[in-house]
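Written below as structure tokens is the structure these notes are about.
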Amino acid sequence: MEGKTITCHAAVAWAPGEPLKIEEVEVDPPREGEVRIKMHAVATCHTDAFTLSGQDPEGLFPSILGHEGAGIVESVGPGVTDIKPGDAVIPLYTAECRECKFCTSGKTNLCQKVRATQGQGVMPDGTKRFRCKGQDLYHYMGCSTFSEYTVVAAVSVAVVRADAPLDKVCLLGCGVTTGVGAVRNTMKVEKGASVAVWGLGAVGLAVVHGAQMAGASVIVGIDTNPRKEKMAKEFGATHFVNPKETGSDEPLQSYLVNKFDGGFDYTFECIGNVVTMRQALEACHKGWGESCIIGVAGSGQEISTRPFQLVTGRVWRGTAFGGTKGRTQLPGMVDEYMNKQLKLDEFITGCFTLDQINETFQLMHDGMSLRSVITF
Ligand code: NAD
Ligand code: AHE
Ligand code: ZN
Ligand code: ZN
């Protein structure tokens, strides 16, 4: 197949708000600095649903969505020396070129080497590798994992150990890494800290898991879905709060500040709702509490609070991919999973085939899944 176009199946997003359609697509060979990957396992993240809904200012159609997955390299383009056919890999929506101003700053994981073209749904040379029914398809988040084969930039590939089970470590492509990374890399939660987490999907529960591993003494999980209480406790939450069932008329942030000793050292918003983002900021402890925005809010949404909240010492932060430098850090996270220090299996609530992909979106919307894994 090397050097040739491959015909395979993919879930195509033809238009916002429409279900994905399984189609036969053509996937061109990788060009200079690119890698073609045979995907083995992918999972659906809330962000895929967000883009499909039409709320993403960068959403492009028709496209192949998906950004959480793992596979085996099928072939590499000219100039790719550090990745070879047969390597087990996780595609990265946050590249790591190790050369750009961002990569060398030591301050961020937000490599900008391929970010501009990635946001335009094309490869770094400005062209596309997918076609369906004679029409070019856009790439998505530099990954397009909802396809049996995909082509990504070599700087957007983390090579992991050969014995890693791809149907598990695919979750390190986004959700689990984002939550655990937010705790470790972005907020640097320390032993004994108090933590509150809004939204207990895979991302929020990964924050809970990360906080427990960091030795936090109080971990409050907050979700309007009562089914999440049991899960939160299993992942390490010490308390669960359902905002609909506090029995109090106060705003949620005041209720939490009163109940939890003046508020939290660290809070995390894992929903994508600007109202809960404000709650999370204002539930931080006066003088030092820090809040991290992880959730992705829809086009046109804005956050607000009284500036006095920041004047009196609270800090508002945000994170993409949990501040993780994928090529450097994912191999270590795979090791942690293999050594049974990092949970992955517990996030998988169902296994599916590609033709069931719309079902996985429905389960997510219904609050019935954490991560649905699709194997090819
Ligand atoms: P999910 O849909 O599985 O989980 C969201 C949870 O929030 C659900 O349990 C839901 O019941 C809960 N919820 C909804 N409204 C609520 C409210 N008002 N109060 C309390 N709980 C509420 O989503 P996910 O896949 O875990 O992703 C979470 C968010 O993180 C999404 O916005 C996603 O786009 C974003 N995300 C961001 C990054 C990043 O790098 N910044 C990475 C991955 C995901
Ligand atoms: N494209 C949107 C924003 C979407 C967004 O915030 N994406 C997160 C990752 S979500 C993964 O599930 C992210 O990493 N953003 C940083 C980046 O560089 O894309 C918009 O508003 O335009
Ligand atoms: Zn994601
Ligand atoms: Zn870079």
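The values are calculated or read from the model by the stated rules, or taken from the named source; none is laboratory data. In this text the structure is predicted, and so the values were computed from the model without any measurement. Cβ sites come from the backbone with ideal geometry, for glycine too, and all protein chains shown count toward neighbours. Note: areas computed on protein heavy atoms with side chains; ligands, DNA, RNA excluded. Shrake-Rupley method; radii C 1.70, N 1.55, O 1.52, S 1.80 Å.
Quick notes
- The calculated FRET efficiency for the pair W288 and Q356, based on their C-beta separation and a Förster distance of 35 Å, comes to about 0.15.
- Taking the helices alone, the chain has a mean residue ellipticity at 222 nm of -6500 deg cm²/dmol, built from -39,500 (n - 2.57) per DSSP H run of at least 4 residues and averaged over all its residues.
- Selection from L354, G287, P331, by position along the positive dipole direction of the chain (Cβ): G287
- For segment 88-189, Kirkwood radius (reciprocal of mean inverse C-alpha pair distance, Å): 14.9
- Distance from segment 173-248 to segment 62-118 (C-alpha centre basis), Å: 29
- Choice from L363, L65, L92 showing the highest fluctuation, given a GNM over the chain with Cα pairs closer than 10 Å: L363
- Global dimensions of segment 123-237 from alpha-carbon coordinates: Rg and Dmax equal 18.4, 58 Å.
- H209, H285, H9, reordered so the largest accessible area comes first (probe 1.4 Å): H9, H285, H209
- Taking all pairs of distinct alpha-carbon atoms in segment 185-232, Kirkwood radius in angstrom: 10.8
- Looking at segment 269-356, the GluC sites (Glu not before Pro) that sit in a DSSP loop and have at most 13 other Cβ atoms within 10 Å of their own Cβ are E302.
- Checked against a 18 Å cut-off, the cross-linked pairs K101/K325; K168/K343; K4/K128; K107/K188; K84/K325 give Cα-Cα distances beyond that limit for K84/K325.
- Charges were assigned to the Cβ only: +1 to each Lys and Arg, -1 to each Asp and Glu. The resulting dipole of the chain about its Cα centre is roughly 860 debye.
- Once Rg and the Kirkwood radius are both taken over the C-alpha atoms of segment 1-124, their ratio Rg/Rh works out to 0.97.
- Heavy-atom accessible area ranking, 1.4 Å probe, most first, across D335, D366: D366, D335
- As a rough guide to protection, the peptides 320-333, 170-183, 215-228, 189-202 ranked by mean Cβ packing within 10 Å, highest first, stand as 170-183, 189-202, 320-333, 215-228.
- Size descriptor, Kirkwood hydrodynamic radius, that averages inverse alpha-carbon separations across the chain, Å: 20.9
- By the Stokes-Einstein formula, at 1.306 mPa s and 10 °C, segment 276-317 with its Kirkwood radius over alpha-carbon pairs has D equal to 149 µm²/s.
- Largest-first ellipsoid semi-axes for segment 220-376, taking √(5λ) over the Cα gyration tensor eigenvalues, angstrom: 30, 20, 17
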